[in-house]
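Okay, so here's the structure we're looking at.
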Amino acid sequence: MLTALFFPTWTPKIKGDNSISLLKQVKINGSNHQVMIRGKDKKNQILLFVHGGPGCSEIPYVTKYQDLLEEDFTIVHYDQRASGKSYHFFENYSNLSSELLVTDLLAMTKYVSDLLGKDKVILIGHSFGTYIGLQAVSKVPEMYSAYIGIGQVSDSIDSELDSLNYCISKAEKARNTYDAKKLEKLREDIEKREVLTPRKYIRKYGGAFRLINDNDDYVKGFLFGSEYNLLDVIRYSLGVNYSQKTLLKEQFEKPLPGIVKSIKIPCYFIMGEYDYMTSTKAAKSYFNNLDADKKEFIIYENSAHYPQFEEKEKFAKWMKGL
């Protein structure tokens, strides 16, 4: 048991004289953050990923899906403040906010740029990470060469109602009247910004993933991956609970379309056709009203909320041609 709690963690080595495979704690903006950096050649462009949740580190399972990207990019993942391995048992997180996470992200960008000798990075946000990422690039665009929003957050009410209607429709088609009635009772509370469409129903009816099982990937990453030990899993669980209570309310009350209305760098939204964790329809509405020098809305027709994993070959090929 003690071995499982405290065994040393690492990220697997990558062959190559100029490769990098780094997993370490770095003090960013006054708090220790876990950072994972992987790539075949440190001279390649940097992709800086901002994970979703809130609180849902992607470090435990992401190496399964980014092998193709590692050939052409240096890929940085970090656990956000109070998330995953960046959750510290005796640290005071009473000031946690999206504004603080944006400040952390800007400091993290400077850290990895200086470390790897690059003037700019490509920023990729996933799910809630797009709420943080898009704010960062709008504040300091000169640090970034492009922004890519995967499972892009938009107006939360529009997105949640799309998700609710989808789940009700699927439940009715499956003749599951119990689910349909239970979901319908949530409509008023969702409209009042008090609750989300329960994620267990979105998963049940195919609005979270199609070609992978992200829950299985998480469990296997925690159990068999080298980047997390059991103590880290405990940190992860505590961080998710704390972060979501604090940050989801803020996302509801301060919709992203009212915060970021324009950005000065190329902007790409990549959405799965079947994404109802963050509605593709709502994201398109936001995209249409977002002002950018260059922008593109891309739909992956076989995916839901994880197109970068569900269709990783397609995503890697697109990224290479960016």
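The values are calculated or read from the model by the stated rules, or taken from the named source; none is laboratory data. Predicted model only: the values in this text are computed from it and were never measured. Here the Cβ positions follow ideal geometry from the backbone for every residue, glycine too, while neighbour counts run over all protein chains shown.
Brief remarks on what is shown
- Any chance Ile270 is assigned to a loop (DSSP other than H, G, I, E, B), among the aliphatic types (A, V, I, L, M) and touching a strand residue (DSSP E or B) at 6+ places or on another chain (Cβ under 6 Å): no
- Pairs meeting the criteria (first residue in region 308-322 and surrounded by fewer than 17 Cβ atoms within 10 Å (Cβ to Cβ), second residue in a helix (DSSP H, G or I), beta carbons under 7 Å, at least 6 apart or on different chains) are Glu313/Leu68.
- Cβ-Cβ under 6 Å pairs, at least 6 apart or on other chains, region 225-244 side of a type in the set (A, V, I, L, M), far side part of a loop (DSSP other than H, G, I, E, B): Leu238/Tyr87; Val240/Gly55
- Meets criteria (outside any helix (DSSP H, G or I) and either touching a residue at least 60 places away in the same chain (Cβ under 8 Å) or more than 20 Å from Pro307 (Cβ to Cβ) (or both)) for Gly206: yes
- Residue within region 247-255 that is assigned to a loop (DSSP other than H, G, I, E, B), buried (at least 18 other Cβ atoms within 10 Å of the Cβ) and modelled with pLDDT of 90 or more present: yes
- Across region 286-313, the qualifying residues are those that are in a helix (DSSP H, G or I) and in contact with a Pro (Cβ under 8 Å, 6 or more places away or on another chain), and the one among them that is nearest to Gly206 (Cα to Cα) is Tyr286.
- Hits in region 282-300 (condition: of a type outside the set (A, V, I, L, M) and over 17 Å from Asp162 (Cα atoms)): Asn288, Asn289, Asp291, Asp293, Lys294, Lys295, Glu296, Phe297, Tyr300
- Qualifying positions in region 274-307 - buried (at least 20 other Cβ atoms within 10 Å of the Cβ) and farther than 19 Å from Leu256 by Cβ: Tyr274, Tyr300, Ser303, Ala304, Tyr306, Pro307
- Boolean, Ala180 is part of a helix (DSSP H, G or I) and over 26 Å from Thr246 (Cα atoms): yes
- For region 129-155, the candidate set comprises residues that are in a loop (DSSP other than H, G, I, E, B) and under 17 Å from Ser279 (Cα atoms); within that set, the residue that is modelled with the lowest pLDDT is Asp155.
- Scan of region 209-224 for residues that are part of a helix (DSSP H, G or I) and without any contact (Cβ under 8 Å) to a residue 24 or more places away in the chain, ordered by number: Asn215, Asp216, Val219, Leu223, Phe224
- The residue pairs whose first member lies in region 81-103 and is more than 26 Å from Thr9 (Cβ to Cβ), whose second member is surrounded by fewer than 16 Cβ atoms within 10 Å (Cβ to Cβ) and charged (D, E, K, R), and whose beta carbons are closer than 7 Å, counting only pairs six or more residues apart or on different chains, are Ser97/Glu250; Ser98/Glu250; Val102/Lys139.
- Test for Ile190: is it over 30 Å from Pro12 (Cβ atoms), in contact (Cβ under 8 Å) with a residue 60 or more places away in the chain and surrounded by fewer than 21 Cβ atoms within 10 Å (Cβ to Cβ): no
- Unique residue being basic (Lys, Arg), in contact (Cβ under 8 Å) with a residue 60 or more places away in the chain and over 25 Å from Ala136 (Cα atoms) when the list is Lys13, Lys64: Lys64
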